[in-house]
Amino acid sequence: IGTDPRQAVLCAFNFTPVPRHNYRVGVWYEGYWEELLNSDSAIYGGSDLGNLGGVFTQPVPSHGHPYSLELTLPPLSAVFFRLSR
C-alpha cells in the first residue's frame, strides 16, 4: 500500500481443483473492483472462468469489513483486484 490505502490490491487464491462461485470477501471500500489479473484466463492457457473484468461491492459486512464482494474463484488459480476510480 502506498500513501493512499485505497490503492490496495485484493489477492484471492483457490488452491483446489474445484471452482468457487459466490465466494464472499470483505473489503473496506465501496465501489467497482477491477479484475487486474486472472491466472485462469485463456491467454494463459486456462479455462477463462472469472469475474467478467470486475465486480461491484455489496453492502453486506464480511470479515470485519463494511462491504463485500462476491467472487468467482477459478480452480487452481489466483485473481487480483483493485478499487477502480
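The values are calculated or read from the model by the stated rules, or taken from the named source; none is laboratory data. Quick caveat: nothing in here was measured; it's all calculated off a predicted structure. Areas reflect the complete protein model, heavy atoms only, side chains present, ligands, DNA and RNA absent. Shrake-Rupley method; radii C 1.70, N 1.55, O 1.52, S 1.80 Å.
Tell me the per residue accessible area of the stretch 13-72 using a 1.4 Å probe; a whole number in Å² is fine.
Heavy-atom SASA per residue in the stretch 13-72 reads 63 Å².
Collect residues whose amide H, placed 1.01 Å from N in the peptide plane, falls under 5 Å from the amide H of residue 71; neighbours closer than 5 in sequence don't count.
Correct list: 22, 23, 24, 25.
Using θ = phi - 60° and the Karplus curve 6.51 cos²θ - 1.76 cosθ + 1.60, what whole-Hz ³J(HN,Hα) does each residue of the stretch 30-36 get, with Gly and Pro shown as x?
So the Karplus estimates, Gly and Pro as x, are 7, x, 8, 9, 7, 7, 7 Hz.
Using only Cα atoms, figure out Rg for the chain and give it as a multiple of 2.2 N^0.38 Å.
Details: Rg = 12.7 Å, N = 85, 2.2 N^0.38 = 11.9 Å.
My calculation over the Cα atoms of the chain gives 1.06.
Considering only protein heavy atoms, what is the solvent-accessible area of residue 3 at a probe of 1.4 Å, reported in Å² to the nearest 10?
About 150 Å², rounded to the nearest 10.
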